[in-house]
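Everything below concerns the one structure shown next.
The values are calculated or read from the model by the stated rules, or taken from the named source; none is laboratory data. All figures in this text were calculated on a predicted structure; none of them were measured in a lab. Here the Cβ positions follow ideal geometry from the backbone for every residue, glycine too, while neighbour counts run over all protein chains shown.
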């Protein structure tokens, strides 16, 4: 964007999106002891029921919303590249990021 925007915008300090959007507070709320205990109880059930590997209470919170709106992630077709954490189809054969669950590397580290 250099040349298209003023330098004060192009070269300003950039912050991660969660700071600009104000969502950093969610991690604090979801780290409350009650949420942590609920996450620890739910984690094995979600893995068994949906085959989803959850990382933390924040991801569990978002997964509950996702599942309520869309149902469990659909497994990839046979032979298609899939995410090792949620079994969803990866958008590209060489993709390493899962757009469904955010796993990195989603392909298990395979190039």
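In the set (1) in contact with a helix residue (DSSP H, G or I) (Cβ under 6 Å, 6 or more places away or on another chain); (2) exposed (fewer than 13 other Cβ atoms within 10 Å of the Cβ); (3) touching a residue at least 12 places away in the same chain (Cβ under 8 Å), the condition left unmet by residue 18 is number (3).
Return yes or no: is residue 108 loosely packed, with under 14 Cβ neighbours inside 10 Å and touching a residue at least 12 places away in the same chain (Cβ under 8 Å)? In short, yes.
Just one residue in the set 44, 57, 6 is closer than 28 Å to residue 108 by Cβ and without any contact (Cβ under 8 Å) to a residue 24 or more places away in the chain; that residue is 44. Scanning the stretch 21-41 for residues that are surrounded by 11 or more Cβ atoms within 10 Å (Cβ to Cβ) and free of Cβ contacts under 8 Å to residues at least 12 places away in the same chain yields 23, 24, 29, 32, 37, 40.
Filtering the stretch 31-43 to residues that are in contact with a helix residue (DSSP H, G or I) (Cβ under 8 Å, 6 or more places away or on another chain) and modelled with pLDDT of 75 or more leaves 36, 38, 39, 42, 43. Kindly establish whether residue 68 is outside any loop (DSSP other than H, G, I, E, B) and over 15 Å from the mean Cα position of the chain (by Cα). Spelling it out, residue 68 is indeed outside any loop (DSSP other than H, G, I, E, B) and over 15 Å from the mean Cα position of the chain (by Cα). So which residues in the stretch 51-71 are at pLDDT 85 or above and farther than 23 Å from residue 29 by Cα? Listed by number, the residues that qualify are 70, 71. Scanning the stretch 10-65 for residues that are more than 23 Å from residue 86 (Cα to Cα) and assigned to a loop (DSSP other than H, G, I, E, B) yields 11, 12, 13, 14, 15, 16, 22, 23, 32.
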